[in-house]
Amino acid sequence: MAQIIKQRMAAEADGSFVLFLIGMRVNRWWKVWKWWPVATAMPRMIIELYKNPELGMLHAQTLFAFPNIVVTQYWRSFEDLEAYAKDKDRAHLPAWQAFNKSVGSDGDVGIWHETYLISPGQYENVYNNMPAWGLGVAGTLHEAKGPRASAGKRLKATLPDPS
């Protein structure tokens, strides 16, 4: 079990980063042959990305809430994310092509993603009595006190140094 940090913490990233949310929804649970390949493709991609940090993924976390699966990913840049998605020699593109061939738009399995380009000063967070989580794993954790004691202060703390 992950170590619980028994204090308020805030996470920061160096410079800009990308928050990428991707998920699937099982619409027809009895069609296991349709949704199982989709559900098992993402873990293969995450393993590939962790084994190759130069590809740009900083961290990923998966949440299961059947019939939904959501993966939160932090990326170094949109360029890294897009390059991975389009690379025919990596796990994503063949999985995407297989999904389109097997499922397409037949309604059996839903997939979605959202991409957010995050600049310094445009995010804040706080974690209390939690293990390192989310941006706290992808970035750096700091005690949430002084310039990080409130949401407004944390937003200012993530702004780039003007000097």
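The values are calculated or read from the model by the stated rules, or taken from the named source; none is laboratory data. Bear in mind that the values here come from a model prediction, so they are computed numbers and not experimental data. Cβ sites come from the backbone with ideal geometry, for glycine too, and all protein chains shown count toward neighbours.
Here are the numbers:
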quantity: Residue, modelled with the lowest pLDDT, within region 131-163, restricted to residues that are of a type in the set (A, V, I, L, M) and crowded, with 16+ Cβ neighbours inside 10 Å; calculated: 157
quantity: Candidate set from region 96-130 (those that are more than 17 Å from residue 158 (Cβ to Cβ) and among the β-branched types (Val, Ile, Thr)); member that is surrounded by the most Cβ atoms within 10 Å (Cβ to Cβ); calculated: 109
quantity: Residues of region 82-93 that turn out to be touching a helix residue (DSSP H, G or I) at 6+ places or on another chain (Cβ under 9 Å) and either surrounded by 16 or more Cβ atoms within 10 Å (Cβ to Cβ) or in a helix (DSSP H, G or I) (or both), as a count; calculated: 8
